[in-house]
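Trainee: Right, I'll just put the structure down here and ask away after.
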Amino acid sequence: MESPLLARLEDAIERLLEKNRQLSAECSALRQEKTAWQRERQQLLGDVETILKRLDDLQLEES
């Protein structure tokens, strides 16, 4: 027969393993979101640079 302490320990270990699986999945999702955000940020920065260059070119034409 299994001792009550051993059963409690096994339950605690199962809960910890499940929490670890959940946190690992969340961490993976957050890393993917971060990567997507960084790509979007780079694209937006490129768009801003293009707009600024056009504005500079327009100012040079008006001078």
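Trainee: With a 1.4 Å probe and every protein chain left in place, work out the accessible area per residue of the chain in Å², rounded to a whole number.
Mentor: Details: 6220 Å² over 63 residues.
Heavy-atom accessible area per residue stands at 99 Å².
Trainee: How many nm is it between the label spots at Glu14 and Glu49, if each spot is 7 Å from the Cα in line with the beta carbon?
Mentor: The answer from the label model is 5.5 nm.
Trainee: Something else: Report the label-to-label distance for Ala25 and Leu5 in nanometres (one decimal), using points 7 Å from each Cα along the Cα→Cβ vector.
Mentor: 3.4 nm
Trainee: Out of the total accessible area of the chain (probe 1.4 Å, heavy atoms of protein only), what percent is carbon and sulfur? List each step's numbers first, then the result.
Mentor: On the way: 3570 of 6220 Å².
Of all accessible area on the chain, carbon and sulfur atoms account for 57 percent.
Trainee: So, one more: For all pairs of alpha-carbon atoms in the chain, what percent lies in each bin of width 10 Å, listed from the first bin to the last filled one?
Mentor: 18, 19, 15, 14, 12, 9, 7, 4, 2, 0
Trainee: Residue farthest toward the positive end of the dipole of the chain, with Cβ of Lys/Arg at +1 and Asp/Glu at -1: which of Gln59, Leu23, Trp37?
Mentor: Leu23
The values are calculated or read from the model by the stated rules, or taken from the named source; none is laboratory data. A quick note: this is a predicted structure, and the numbers were derived from the prediction, not measured. So basically every Cβ, Gly included, is an ideal-geometry build from the backbone, and we count neighbours across all protein chains shown. Accessible surface is based on the protein model in full, side chains and every heavy atom, while ligands, DNA and RNA are left aside. Shrake-Rupley method; radii C 1.70, N 1.55, O 1.52, S 1.80 Å.
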